[in-house]
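Structure first, commentary second.
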Amino acid sequence: MSASLWAVLALAYHLASRLAYVLYVGLALRRQQRIAYFTQRYDAEPAFRSFRRVAATIMNNDGVSFVVLCVVTRDTLAVGGVLPRGLAIAVGAVLVLVGVGVKLWAGATLGARAYYWHNFFSATEPVVANTAGPYRFLRNPMYTVGYLHTYGLALATGSLFGLIAALFDQAAILAFYWWVEKPHFERRSVAASEPPQLPQLPQTPQPRPSFLDSGARAAQNEGSPSRSHRT
């Protein structure tokens, strides 16, 4: 099998892995948000663990497929005329360190449960803007600077296909953020800021005047002296 065919197969496998990640997680979370798809079948915590198990498998496969793609398609990116090979590897290594470091920092700040979107499965978990860790400087560090390692690995291995995949991966995860995460966080934040609705007490129905009551009041008025005449 030729090297070009291996490259195409590796690229196709990674793109399919990325689509499986974004589409499965996105559609699953949207269904959970709209119709409580998981928590209708299980309690909140078993439902979350079931989702996390599948999501983690798909996400890990996506990461491994990207590394395989860069290795299989190494030396397909002509950077020799721009950067010496050694310098390209050094720059790529720095990007990998920064990207992985920011992603790990952001993940540690959020916590393992939030990393896998636990608040989609809990109606009582508060959803507030995080201002700790890298979130002090960036609104979404995990999907922005946290993707530098993909570009760094593509550059260090000299993989043109890896660079294309890195661009696709970041575009896909940002689309996922705008399509799934952002609307959910905004909806939950608005709901949390609204004052709680007090239960309405049942109103006691007022008795409607009957015909006999009206006749009795009319007779009483006729029998009483009128105060409309001056004396």
Exercise for review: Could you list, in sequence order, all residues of the stretch 1-36 that are of a type in the set (S, T, N, Q) and assigned to a helix (DSSP H, G or I)?
Suggested key: Ser4, Ser17, Gln32, Gln33
Check your understanding: Is it true that some residue in the stretch 151-171 is under 25 Å from the mean Cα position of the chain (by Cα), among the polar types (S, T, N, Q) and at pLDDT 95 or above?
Key -> yes
Check your understanding: Can you name the helices (runs of 4 or more DSSP H) wholly within the stretch 37-149 that have at least 3 residues being modelled with pLDDT of 95 or more and closer than 17 Å to Leu163 by Cβ?
Key -> 44-72, 85-110
Check your understanding: Say we look at the stretch 1-44 and pick out the residues that are among the β-branched types (Val, Ile, Thr) and more than 18 Å from Val64 (Cα to Cα); which of these is surrounded by the fewest Cβ atoms within 10 Å (Cβ to Cβ)?
Key -> Ile35
Revision key, fill the gap. Listed by first then second residue, the pairs whose first member lies in the stretch 106-124 and is free of Cβ contacts under 8 Å to residues at least 12 places away in the same chain, whose partner is not hydrophobic (A, V, I, L, M, F, W, C), with beta carbons under 6 Å and at least 6 positions apart or on separate chains, are Tyr115/Gly107
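The values are calculated or read from the model by the stated rules, or taken from the named source; none is laboratory data. Predicted model, so just to flag it, every value in this text is computed and none were measured. Neighbour counts run over all protein chains shown; Cβ positions are idealised from the backbone, glycine included.
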